[in-house]
Amino acid sequence: MALLRHILSKLGWYAAAFAAALALNFFLPRLLPGNPVDTLIGQALRGHASSETKQRVYETYVAEFGLDQGLWSQFLTYIGKTLQGDFGTSFSRYPAEVATMIGDALPWTIALQLPAVLLGWIIGNLVGAVAAYRRGGFDRSVYLSSLFLTAAPYYCLAVLLLYGLAVALPLFPTGGGWSFGNSPEWSAMFAVDAVSHWFLPFLSLLLVFIGGQAIGMRSMAVYEVDADYVRFAESFGLPDRKIVGYIFRNGMLPQITGLALAIGTLVGGALLTEIVFSYPGIGTLLYDAILNKDYPVIQAVTLLVLIVVLVANFLVDVLYGLIDPRIRAAERGER
Amino acid sequence: MKALKALPARFHIAAAVFLLIAAAGVAGPLAATAGPGDLLGGPFVPPGADFLLGTDHLGRSVGVQLVHGIRTSLYIGLLAGVAGTVLGVLIGTLAGYRGGLADEILMGLTNIMITVPAIIVLLLLSISLDTRSVTVMGICIGAVSWPWTARAVRSQIASLRQREHVDIARLSGSRTWRIIAVELLPYMMSYIVMAFVIQLYGAILAEAALSLLGLGPSGTASLGVMLHWAIAWESIRGGQWWVFLTPTVFITAITFSLLLVQSSLDTVFNPRLRVGKAAR
């Protein structure tokens, strides 16, 4: 019952955040000085202002936002279309549907980010817990290298890996999702090709995630190491592996909150990594859309990222409520 | 001063690296005879006697761009860092000291801002602005980066508020702003300095990320803009290492040194902050 209340109150917060995000996505480009739609059309047409293009861009906007109506009914139109999964048509790759373009790019991004986040979380937390328990030289080197991995922006590490392991030492392909001349299909040959292209961006994300999680876990576990239960376990002569396991489980709870709070940064950074490798996911789609001033695509991608981040946050919150008995106890008022 | 001596060696090394880079960003543009946009030689000239760091795809000197880029990045970082810290401290203090409804509203806003990724808000802001001056970019980044500071400051203030000397000041009729400035903020100074370093770090990263996406400041070089062109003109795959390595190394050096400074400050100042928390 209390758990349900916990979830419901969280749901309320996320609904508010989602409404704010949706409103930002819609109103921000319209609230700035000047007639925003003219600015948008002007920017979209810079360089290639044939009358046919102009007409197409104009019609897209009118159709998409119902421009002849007031701002509020435009907003309602926008929400209605968005709920139906209709994001309009792309400017730069007319007449491609934005929804189809996103659908094509999304699997690549998921295949890249999901394993990297999960593996990075597990490995990073283990490394952090071990470092805090062992202390000394191992701890110091883990701490400094993790700090380096998190301090360097994702794309900087990606640039170094790409140059080091694909250009200077040509072990891996230099980018893209598959080799030139190949095309996506369900065959063993394509799978091998795709995995070889997938590995470097995956490695670069994995390393960054490990670094971030290891630092968080270490600073959490440093306090756990001095706790009575660790001394107690040591005095019984339990093996190190077992004690690190206890520390891991105790330090894990705050780390789950940490994961929730970091998801936004993770997703954003991972999208930038795709650009370095020209990986055919959402990040590269966004990059190309910005270069081509393809506003329907940009807005659809930002909305998608916002939704993913909010849903992931919510799931982590629910998970937290499920596994931490203290939350349930606190909700019932029996601290 | 005593606390400064207690700082580990890595603090001094990191601070020296950061100051050295900052000095290059201040002195470099004054010493350079050419501007960052001047075409000085052929495209992709490797580093040598003519160009210390070579030239980029247009024949602009990478070295000249670098010093200008450092200046731009640091300027945006400082502006956004100051704006973000001041906003965060103001909102956090207001929420923590007032409590009640103001606290609920401000923290609700803060939580929403934390959940919505800042980079997306910045992206939406940036595509809406036709020209982006460095000052506008700095203000935009500062305007979205305050929530973390606000949340932390709020919890500190809420516990400090319970202390006896604050009660005494209140009973003796001090005004609210005086209590905040004299009785509360001095306890927060070490924390505010650390928050500022983190804000500076985050702002430099945000600028670099936006510039990498092609939404950087118009008409000037910045470290992120340099990286953007390096990637757009395929210098990594072309093997022109001086073009992409220069901004990469400097972005990494700046952010790594800032994070090291912050983490060393943390080891020195945190025990006292923990005492503050425990008193709650």
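A few notes on this one:
- Positions within the range B:202-229 being within 8 Å of chain A (Cβ to nearest Cβ) and either assigned to a helix (DSSP H, G or I) or polar (S, T, N, Q) (or both), in sequence order: B:LEU205, B:ALA208, B:ALA209, B:LEU212, B:LEU227
- The helices (runs of 4 or more DSSP H) falling completely within the range A:209-291 that include 2 or more residues that are closer than 21 Å to B:ALA209 by Cβ map to A:240-277, A:282-291.
- Complete set of residues in the range A:172-181 that are away from chain B (no Cβ under 14 Å) and farther than 14 Å from A:PRO280 by Cα: A:GLY181
- Just one of the listed residues (A:PRO201, A:PRO153) is under 22 Å from A:ILE123 (Cα atoms), away from chain B (no Cβ under 12 Å) and not hydrophobic (A, V, I, L, M, F, W, C), and it is A:PRO201.
- Taking the conditions (1) at the interface with another protein chain (Cβ under 9 Å from one of its Cβ atoms); (2) within 15 Å of the chain's Cα centre (by Cα); (3) more than 27 Å from A:LEU3 (Cβ to Cβ); (4) crowded, with 20+ Cβ neighbours inside 10 Å in turn, A:THR273 satisfies each one other than (1).
- Subset of the range B:87-123 (residues that are among the β-branched types (Val, Ile, Thr), within 14 Å of chain A (Cβ to nearest Cβ) and touching a residue at least 24 places away in the same chain (Cβ under 8 Å)): B:THR110, B:ILE114, B:ILE119
- Any hit, the range A:116-123, residues being closer than 25 Å to A:ILE243 by Cα, modelled with pLDDT of 85 or more and aromatic (Phe, Trp, Tyr): yes
- Just one of (1) modelled with pLDDT under 65; (2) part of a helix (DSSP H, G or I) fails for A:HIS48. It is (2).
- Enumeration of residues in the range A:190-213 that are under 19 Å from the mean Cα position of the chain (by Cα) and hydrophobic (A, V, I, L, M, F, W, C): A:TRP198, A:PHE199, A:LEU200, A:PHE202, A:LEU203, A:LEU205, A:LEU206, A:LEU207, A:VAL208, A:PHE209, A:ILE210
- Of the helices (runs of 4 or more DSSP H) lying entirely inside the range A:81-186, those containing at least 2 residues that are touching a residue at least 24 places away in the same chain (Cβ under 8 Å) and closer than 30 Å to A:LEU303 by Cβ are A:98-134, A:154-162.
- Taking the range A:243-261 as the range and being buried (at least 21 other Cβ atoms within 10 Å of the Cβ) and within 12 Å of chain B (Cβ to nearest Cβ) as the test, no residue passes.
- The range A:238-266, residues that are β-branched (Val, Ile, Thr) and either farther than 16 Å from A:ALA214 by Cα or in contact with a helix residue (DSSP H, G or I) (Cβ under 6 Å, 6 or more places away or on another chain) (or both): A:ILE243, A:VAL244, A:ILE247, A:ILE256, A:ILE263, A:THR265
- Single match in B:THR246, B:THR252 (criterion: of a type in the set (Val, Ile, Thr), at the interface with chain A (Cβ under 9 Å from one of its Cβ atoms), under 28 Å from B:ILE13 (Cα atoms) and crowded, with 18+ Cβ neighbours inside 10 Å): B:THR252
- Listed conditions (1) small (Gly, Ala, Ser); (2) surrounded by fewer than 21 Cβ atoms within 10 Å (Cβ to Cβ); (3) touching a residue at least 40 places away in the same chain (Cβ under 8 Å) are all met by B:GLY84, apart from (2).
- Residue among B:ALA209, B:ALA221 that alone is buried (at least 21 other Cβ atoms within 10 Å of the Cβ) and modelled with pLDDT of 90 or more: B:ALA209
The values are calculated or read from the model by the stated rules, or taken from the named source; none is laboratory data. Bear in mind the structure is a predicted one, so any value in this text is a computation, not a measurement. Note that each Cβ is placed from the backbone with ideal geometry, even for glycine, and that neighbours are counted across all protein chains shown.
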